[in-house]
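The values are calculated or read from the model by the stated rules, or taken from the named source; none is laboratory data. Note that the structure is a prediction, hence the values are computed from the model and not measured. Here the Cβ positions follow ideal geometry from the backbone for every residue, glycine too, while neighbour counts run over all protein chains shown.
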Amino acid sequence: MGPPPRWADRVSFREPAHPGAMADPPIVPSFFGPLLLARDFAQTVQFYGTLVGLPVQGRAPYAKCVSTPSCFSIVDGRWWAQVSGDENPVQGGSPVSNTVLMVQVTDLEGAFERLMANGVKFLSPPTTRGPLGARTAFLRDPDGRFVALTEPLG
């Protein structure tokens, strides 16, 4: 019996989500990506842009991070409250979330050392995690979201 399949090998978007799924043509969005609601827009942009080193572009209340083929946006939580009608869109001091933002890097050890030197607190050091097919280090962003820095194995 060989090793279990890696996470990336298990993901398939070709099969219907459940038996009896609609046979209608799929929706083809012009944009699809998460919006990270930020308590402190400038701090969150600085975290992802300056500390993590992602290509963040924009200014309050909206910035976008595009690294082909992935994209996410950062939105000022106060502005989102105004446009959405939700009085408190960013909940609590450390949100409980089912979302993990995965950032794949080519040098996990180097990224870990650079971020630690800049005061970023990690939940775990770089560790080989075979089921993910990657080495990962876990941390939280300024709003408490779970972030996984990853480097593929092999």
(message) Looking at (1) at pLDDT 85 or above; (2) within 16 Å of the chain's Cα centre (by Cα), which one does residue 33 not meet, given that it meets all the others?
(response) (1)
(message) When you scan region 109-126, do you find a residue that is in contact (Cβ under 8 Å) with a residue 24 or more places away in the chain, within 19 Å of the chain's Cα centre (by Cα) and within 23 Å of residue 32 (Cβ to Cβ), even just one?
(response) no
(request) Scan (1) at pLDDT 90 or above; (2) closer than 22 Å to residue 40 by Cβ; (3) surrounded by 15 or more Cβ atoms within 10 Å (Cβ to Cβ); (4) of a type in the set (Gly, Ala, Ser) for the single condition residue 73 breaks and write down its number. (result) (1)
(request) Only one of these is more than 30 Å from residue 153 (Cβ to Cβ), loosely packed, with under 13 Cβ neighbours inside 10 Å and modelled with pLDDT under 85: 81, 8, 23, 17. Name it. (result) 23
(message) Condition check: outside any loop (DSSP other than H, G, I, E, B), in contact with a strand residue (DSSP E or B) (Cβ under 8 Å, 6 or more places away or on another chain) and either modelled with pLDDT of 90 or more or of a type outside the set (A, V, I, L, M, F, W, C) (or both). Does residue 101 satisfy that?
(response) no
(request) Quickly run through region 46-68 and pick out the residues that are touching a residue at least 60 places away in the same chain (Cβ under 8 Å) and among the aliphatic types (A, V, I, L, M). (result) 51, 52
(request) Restrict the check to region 64-79 and report whether at least one residue is over 23 Å from residue 32 (Cβ atoms) and of a type in the set (A, V, I, L, M, F, W, C). (result) no
(request) Look at region 59-70 and say how many of its residues are more than 21 Å from residue 101 (Cβ to Cβ) and at pLDDT below 85. (result) 0
(request) Could you list all residues from region 101-149 that are in contact with a Gly (Cβ under 9 Å, 6 or more places away or on another chain) and either farther than 20 Å from residue 45 by Cβ or polar (S, T, N, Q) (or both)? (result) 133
(request) Filter region 43-69 down to residues that are in a strand (DSSP E or B) and either surrounded by 14 or more Cβ atoms within 10 Å (Cβ to Cβ) or among the aliphatic types (A, V, I, L, M) (or both), then give me how many there are. (result) 7
